[in-house]
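First up is the structure itself, then whatever we jot down about it.
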Amino acid sequence: MTRYIFITGGVVSSLGKGLLSASLGALLQARGYSVRLRKLDPYLNVDPGTMSPYQHGEVYVTDDGAETDLDLGHYERFTGVPSRQSDNVTSGRIYSTILEKERRGEYLGGTVQVIPHVTNEIKDFVLDQDDDVDFMLCEIGGTAGDIESLPFLEAIRQLHNDLEPNQTLFMHLTLVPFLAAAGELKTKPTQHSVKELRGIGIQPDILVCRAEQPIPVGEREKIARFCNVRKSAVIQALDVSTIYEVPIAYHNEGMDTEVLRAFGLPYDEKPDLSRWENIVGRIQNPEGEVKIAVVGKYTELLDAYKSLKESLVHGGIANNVKVNIEWIESEVFEQEDAMSRLEPVHAILVPGGFGERGAEGKIAAVKFAREHEIPYFGICFGMQMAVIEAARNMAGISDASSSEFSNDGTNIVGLMTEWKSEDGSMQTRAEDDDLGGTMRLGEYPATLKAGSKVAEIYGATDILERHRHRFEVNVAYKEKLEAAGLIFSGLSPDGRLPEIVELPNHPWFIAVQFHPELKSKPFEPHPLFASFIEAAVKQSRMV
Ligand code: GLN
């Protein structure tokens, strides 16, 4: 029997509901249970694919090609369970499914309403493809009291009665703020948030209270009394030094014990948390430091590069070093004199990106890395810019460019409108299709050249990586670029799509069309990130 844990948030947003869900998943795994995690987002976009990274942060892509909320990245990094399309839903998707059904006449002339039609659709999503896991953790986006999240809360309230007793649990994350003027922690916002939930029929079983200072026993008792929960079900959540410490911190506060107890499951045995202790130990006791420049476009909003940032940390864990990231807005390199900013760094990374703004700055950063023999890692857009740089400055195609910008130059990078899926079928896209859903998304295989640097790093010649792009390096330029020294060391199995390029005569210069950061985990750093940081460590010993 799959048990369901519903995680809601109250008082304010950004309290770390995603991390709470991911960490609880990891704790249940450490107790030997299998888990899946799901996210229900109240906004009306059908998926986050077309949402601005400034507003919504990174779009996390799954193996099966879904563009999902970045919280799914946390789930995977903490549990190692690959997310799928069926793990993320938005109000937009729910409504669009219902409206399609309505147009097809599937409601047989009935009145289509929020209850039961919207709530039924939400319940179906929660219960679908449960894989028979022991625990399904469902995080509800937004904050209790939002108009938008009401249908989700109503749906999970109903599920509590639809399913068996002891099959569901409600966990609510709130804030217990410290008022400096009064010199105390305040429980009232938590009381109000729980009142809000109880007003719609949800009695939380466990309260997780974010606080900047330890919550005294008296205050916990007060919260328990006013919110109608057991005292031991008031779990405090204090700030920790690294997100990977969160599972340990929650365990120390008794969270996993309380959850198991609420379900009537045995809880006496201690979970094995050595994986997390090892990771935290390495992060807290580094043997050195490296400085990595990330030359991108959304550098003011670091959520836009969430997985990338974590993957660099994982590379640090693999090498026992602290990774300091310098986020640089690529446009600055459109001024020649700014290049000196890259002199003190130990490695340069150009991440994924879209559009012409800042592209010349990224190309200038690639050139600097190549000429100064600084380790360079290009990801997706960062590969396309590396190939354009090589075409211009190594192969003599001075007007090399991408059709993402214009059709004026020689487009080494262009729009591909068809590509082969793993099952051999052709996927085609019209050039003027809707923006949503026109990309090459999800897991695709690549074949690596034997003896290449990447084959050595992966220790394999067949790999599977996740993609999210509309443009491709044109394989027709392979020979010319290889003659100039840029090797195409990874291709799609049919040889049509370049997946990886590298410079053999450079300490570390690798650029990939896919997004390796989507698969890296703290307990299993992605080989490319581990190797890149290793190269940065070598570089740091030279400067
Ligand atoms: N804009 C480029 C493309 O669509 C790169 C995309 C990316 O970096 N994710 O192909």
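What follows draws every value from the coordinates through simple rules; no lab data is involved. All values reported here derive from a predicted model rather than from experimental measurement. So basically every Cβ, Gly included, is an ideal-geometry build from the backbone, and we count neighbours across all protein chains shown.
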Quote the FRET efficiency, to the nearest 0.05, computed for Thr2 versus Gln284 with a Förster distance R0 of 35 Å and r equal to the Cβ-Cβ distance.
0.45
Given contacts defined as C-alpha pairs under 8 Å and at least six residues apart, what's the relative contact order of the chain, whole-number percent?
15
Taking 0.36 nm per residue of separation and subtracting the Cα-Cα distance, what length does fully extending Lys480 through Asp146 add?
114.5 nm
Compute the acute angle (0 to 90°) between the alpha-carbon long axis of helix 150-162 and the principal axis of greatest extent of the alpha-carbon atoms of the chain; round to the nearest 10°.
60
Relative contact order, percent, of the stretch 164-223 when contacts are C-alpha pairs under 8 Å separated by at least 6 residues?
43
Packing-based exposure ordering (other Cβ within 10 Å, fewest first) of Met542, Met136:
Met542, Met136
Relative contact order (%) - criterion: Cα under 8 Å, at least six apart; region: the stretch 213-367:
20
How much length is gained on full extension from Asp494 to Lys186, taking 0.36 nm per residue of separation minus their Cα-Cα distance?
104.6 nm
Spatial separation of Cα centroids for the stretch 444-514 and the stretch 175-229, in angstrom
54
Sort Ser452, Ser398 so the one with the fewest other Cβ atoms within 10 Å of its own Cβ comes first.
Ser398, Ser452
Helix-only [θ] at 222 nm, the chain, -39500 (n - 2.57) per DSSP H run of 4+, per residue, nearest 500, equals -10000 deg cm²/dmol
Taking the alpha-carbon distance from Lys480 and a cut-off under 16 Å, which lysines remain once sequence neighbours fewer than 8 residues away in the same chain are dropped?
none
Please compare each pair in Lys39/Lys270; Lys367/Lys538; Lys123/Lys231; Lys478/Lys521; Lys449/Lys519; Lys297/Lys367 to a cut-off of 25 Å on the Cα-Cα distance and tell me which ones are over it.
Lys39/Lys270; Lys123/Lys231; Lys478/Lys521
Test of understanding: ordering Glu336, Glu517 by Cβ neighbours within 10 Å, fewest first, what list do you get?
Glu336, Glu517
Starting from the Cα of Lys453, draw a straight line to each of the aspartates and glutamates and keep only those under 18 Å, dropping any in the same chain fewer than 8 residues away.
Glu373, Asp462, Glu465, Glu482, Glu499, Glu502, Glu534
In the chain, what % of DSSP beta bridges are antiparallel (nearest 5)?
35
